[in-house]
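Down below is the structure, laid out as structure tokens.
The values are calculated or read from the model by the stated rules, or taken from the named source; none is laboratory data. Since the structure is predicted, the reported quantities are computational estimates derived from the model, not experimental observations. Here the Cβ positions follow ideal geometry from the backbone for every residue, glycine too, while neighbour counts run over all protein chains shown.
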Amino acid sequence: MQEVPGTFLALPLAVLPRPKRDSGFSAFELLIVVAIVGLMAAIGLPLSSGMIDDIKTRGDAQGLSSAVAQAKLTSAAKFTQARLFLNMAANTYRIQTWNRTGTPGWVDTNEALFLSDRTQFGFGSATVPPPETQVDLAQAPACRDDLGTDIPSTACLIFNSRGVSVLASGLPATTQGVYLAGPSGTYGITLGATGRLQVWHTTQAGISSWKQR
């Protein structure tokens, strides 16, 4: 067949069958995926909740420890008594200083700080104090008002003008502690007669279970 100049020979193209496209997941496959996601969520949520509770309680213990150290520094800086005031009924704590000029009395140096929602002052499962600290497991002595009367449901760690841990009477204090409990166990902040500050944690009742943080 002779080709005519300026023209092209048109040949018929074979019509090929188009591949069948995927129309999506079946209902059965979607049910399997939903079941797997639900199972993973059921396993992961309790673990995540436990981790969050542990972080919150640990943060409360660290905040309380920092407040003890700050109260000690405040007493020496202002050359007056300072104390960490724990309101165990309201689960709050704050630092106070003794007003030496004008009308004597305890004055707040900061707003009350709250423990997290699942943490409270207490001993939890602990039945004995951390090793080589207190003789008996106990919160620090009750705070006293400006007239020297004990305030119910409170605990105070007091420092004199030189930053030494003392009792409300002004006498040097032996080892004292403040304790808080949450879902992840019990934390104790102990203060020795020498001023040594330690943070402890336990999830059980025995003395050997206390671990220093």
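Can you tell me how many residues in the stretch 157-213 are of a type in the set (Val, Ile, Thr) and over 20 Å from the mean Cα position of the chain (by Cα)?
Adding up the residues that qualify gives 7.
Take GLY122 and decide whether it is on the phi > 0 side of the Ramachandran plot and either touching a Cys at 6+ places or on another chain (Cβ under 8 Å) or modelled with pLDDT of 95 or more (or both). For GLY122, the condition - on the phi > 0 side of the Ramachandran plot and either touching a Cys at 6+ places or on another chain (Cβ under 8 Å) or modelled with pLDDT of 95 or more (or both) - is met. In the stretch 185-193 there is at least one residue that is modelled with pLDDT under 95 and either out of contact with any Ser or Thr (no Cβ under 6 Å at 6 or more places or on another chain) or surrounded by 14 or more Cβ atoms within 10 Å (Cβ to Cβ) (or both). If THR80 satisfies every condition in (1) within 23 Å of ARG58 (Cα to Cα); (2) surrounded by 13 or more Cβ atoms within 10 Å (Cβ to Cβ) but one, which is the exception? Going through the list (1) within 23 Å of ARG58 (Cα to Cα); (2) surrounded by 13 or more Cβ atoms within 10 Å (Cβ to Cβ), THR80 breaks only (1).
Go through the stretch 194-213 and give me each residue that's of a type outside the set (D, E, K, R), closer than 26 Å to GLN81 by Cβ and modelled with pLDDT under 95. Residues satisfying the conditions are THR194, GLY195. With respect to the conditions (1) out of contact with any His (no Cβ under 6 Å at 6 or more places or on another chain); (2) surrounded by fewer than 14 Cβ atoms within 10 Å (Cβ to Cβ); (3) free of Cβ contacts under 8 Å to residues at least 60 places away in the same chain; (4) over 23 Å from ALA77 (Cβ atoms), GLY177 lacks only one, and its number is (2).
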